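In what follows, a structure is listed as structure tokens, so that the remarks can point back to it.
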Amino acid sequence: MNLRVLVHNVGHGVAIHAFTPSGHVVVIDLGCSATFSPLQWLSSHTSTIDSLVVTHPHGDHIDEILALGHLGFAVRQFWRPSWLTAKEIRDANQTTYRNHIDHYLDMSARYTSPISNDRLVGNPAVSGGVRIAHYASTNCGRSNINNHSWVVVFEYLGIKVVIPGDNESPSWQALLTNPAFLRDAKHPHVFLASHHGRLSGYHADLFDETDGIGKPLLCAVSDGRVQDTNAADLYSYHARGWQVQSRRNNRSTDRFCVTTRADGPIEIAVGQNPLNGNAYLSVTVA
């Protein structure tokens, strides 16, 4: 059994589905595109989302929130920046997302009961050995809710995948003072670029080997074809490199950064080699 993390190609947005060895389904953000619905795809595999993470309630991260009910999903656990007020969330979004925000706030009001550790998705004893940690800064200014995004860290067999929301420098600076975040995110193998790979989400100190989390093997970007800025080269600079396999030509090449824009959907798999018992990391693109 392995841990699978799928970074769907939804253009400007984020939709990530993870499947643990115990069969739990974790959904991070609810982006979609005009031609692809990640939740419609997921509904052909399951009707249960064991853990839903909305890193922060901007419209491009909750595009499909109304489809949760339409498609009949049961959501067991819901992570979101619950400290943000309804006014702060509404002020941060265009009025075209009014119905989405109403649904988000209704869900947030319903998911208030604490989760016991023996039921917590992300407790290794519950999730087949996968540990999932969530970190956010609650003290940044509220005028930019990007800085209240959750950062999700998956760890399995010693391999780490770090998935931020749209964190920008203020929240990265705050998180770098959190010893627990530094411990859990230290030495990542795959790092998803913050804020769709824009310069605003890039924070060089994050990759410092001493005071930051260090250099990942590979960076990944969920982005669209039109970006006002693009920090992919900077993320490539910090990465150490890893073999990425293409389904198109069945070839593997050394890469430093992969993007949904250029490479299509990205699949990350972590498991154990049955021949020698060693952990493996596999990254595949279209």
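The values are calculated or read from the model by the stated rules, or taken from the named source; none is laboratory data. Computed from a predicted model, the values in this text were never measured in an experiment. Positions of Cβ are backbone-derived with ideal geometry, glycine not excepted, and every protein chain shown enters the neighbour counts. The area values use the complete protein model at the heavy-atom level, side chains included, leaving out ligands, DNA and RNA. Shrake-Rupley method; radii C 1.70, N 1.55, O 1.52, S 1.80 Å.
Observations on the model:
- Share of carbon and sulfur in the accessible area of region 47-188 stands at 51%, probe radius 1.4 Å.
- As a length-normalised measure over Cα pairs under 8 Å and 6 or more apart, the relative contact order of region 118-264 settles at 15 percent.
- Value at 222 nm in deg cm²/dmol, rounded to 500, when DSSP H runs of n ≥ 4 in the chain each add -39,500 (n - 2.57): -4500 deg cm²/dmol
- Highest-first arrangement of 28-40, 190-202, where packing means the average Cβ count within 10 Å: 190-202, 28-40
- Charge-dipole axis of the chain as Lys and Arg at +1 and Asp and Glu at -1 on Cβ define it, positive-most pick from GLY158, CYS219, ALA180: GLY158
- Per-pair calculated FRET efficiency, R0 = 25 Å: THR46 and ARG98 via Cβ, rounded to 0.05: 0.25
- Virtual paramagnetic centre 7 Å along Cα→Cβ of SER252, amide N under 18 Å, in region 206-244: 217-219, 240-244
- Net charge dipole, the chain: roughly 480 debye, given to the nearest 20, about the Cα centre with Cβ charges of +1 for Lys and Arg and -1 for Asp and Glu.
- Surface accessible to a 1.4 Å probe, per residue, for the residues of the chain, Å²: 43
- Given +1 at the Cβ of Lys and Arg, -1 at the Cβ of Asp and Glu and no other charges, the dipole of region 201-275 around its Cα centre is 540 debye to the nearest 20.
- With the whole protein complex present, LYS215 retains an accessible surface near 70 Å², based on a 1.4 Å probe.
- A Förster radius of 30 Å combined with the Cβ-Cβ distance from ASP118 to ALA74 puts the calculated FRET efficiency at roughly 0.95.
- Given their separation in residues at 0.36 nm each and the Cα-Cα distance between them, MET1 and TRP83 gain 25.9 nm when the chain is fully extended.
- Cα gyration tensor category, rounded, prolate or oblate, for the chain with a/c compared to 1.5: rounded
- Relative contact order (%) - criterion: Cα under 8 Å, at least six apart; region: the chain: 17
- Each residue of region 119-135 was assigned a 3J(HN,Hα) from its phi angle through the Karplus curve 6.51 cos²θ - 1.76 cosθ + 1.60 (θ = phi - 60°); the sequence is 10, 6, 5, x, 6, x, 5, 9, 9, x, x, 8, 9, 10, 10, 10, 9 Hz, with glycine and proline shown as x.
- Reachable lysines from LYS186, criterion Cα separation under 17 angstrom, eight or more residues apart if same chain: LYS160, LYS215
- For region 137-279, size of Cβ-based charge dipole, Lys and Arg +1, Asp and Glu -1, in debye: 420
- Considering only HIS61, TRP41, ILE132, the residue lying farthest towards the positive end of the dipole of region 7-164 is ILE132, judged by Cα position with unit charges set on Cβ.
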